[in-house]
1. Quickly run through region 46-68 and pick out the residues that are over 18 Å from the mean Cα position of the chain (by Cα) and not basic (Lys, Arg).
2. Pick out, from region 14-133, the strands (runs of 3 or more DSSP E) lying fully within it that include 3 or more residues that are modelled with pLDDT under 95, closer than 23 Å to LYS159 by Cβ and open to solvent by less than 30 Å² (accessible area, probe 1.4 Å).
3. Any residue in region 86-101 that's over 17 Å from PHE163 (Cα atoms): show its pairings with residues that are assigned to a loop (DSSP other than H, G, I, E, B) and open to solvent by 80 Å² or more (accessible area, probe 1.4 Å) at Cβ separation under 9 Å, as long as the two are six or more apart or on different chains.
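The values are calculated or read from the model by the stated rules, or taken from the named source; none is laboratory data. Bear in mind that the values here come from a model prediction, so they are computed numbers and not experimental data. All Cβ positions, glycine included, derive from the backbone under ideal geometry; neighbour counts span all protein chains shown. Just the protein is used for accessible areas: all its heavy atoms, side chains included, with ligands, DNA and RNA removed. Shrake-Rupley method; radii C 1.70, N 1.55, O 1.52, S 1.80 Å.
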Amino acid sequence: MNSWHLLFLALASLWGCQPAANKEISLGQPIRHDDFIYSAEQVVVYDSLGALKPEGKFWIITFRVDNEAKRVEHHWDNNTAFIVDYKGNVYENSLTAQQQLDNLHPFGWKAHYTTLAGRIDSTQLVFDLPRSVKQPYLKVRGDLLMGDVFDGRQFEHTKVKLFSP
């Protein structure tokens, strides 16, 4: 490989590592993370889950993972997705509330998921958000993978709008 090829590869790598612009999407639209597609399919808000009361309100998100890889399985868990509001406050999935929801309306709760190549999995995530929360968005986290380099780590800069105007 000559020096021009090496220079081109170095510049392409640097360009690919530049963060992408923030992107706002709607429910059901995909967030691509290499060969893995995340989506928030549905949002439901509850004042309680049986006897379990939130500090604010329970926001239940149907979270879907599509594995478009040909051979690789995808490992993920209930902390893959999180919520941020317009001020930047971060809210994590409540395992206690999620397990309570599974007791009341079984959806196949697991602590960890393995989505096989070519398969789809989903779960119900439960967030205890303040009643005063404004403009909540769902985001995802994960390790940087090869496909993320080429799209500027778009998965880190995409957020799903969970509210109506």
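1. Those that are over 18 Å from the mean Cα position of the chain (by Cα) and not basic (Lys, Arg): TYR46, ASP47, SER48, LEU49, GLY50, ALA51, LEU52, PRO54, GLU55, GLY56.
2. It comes to 36-46.
3. GLN100/ALA51
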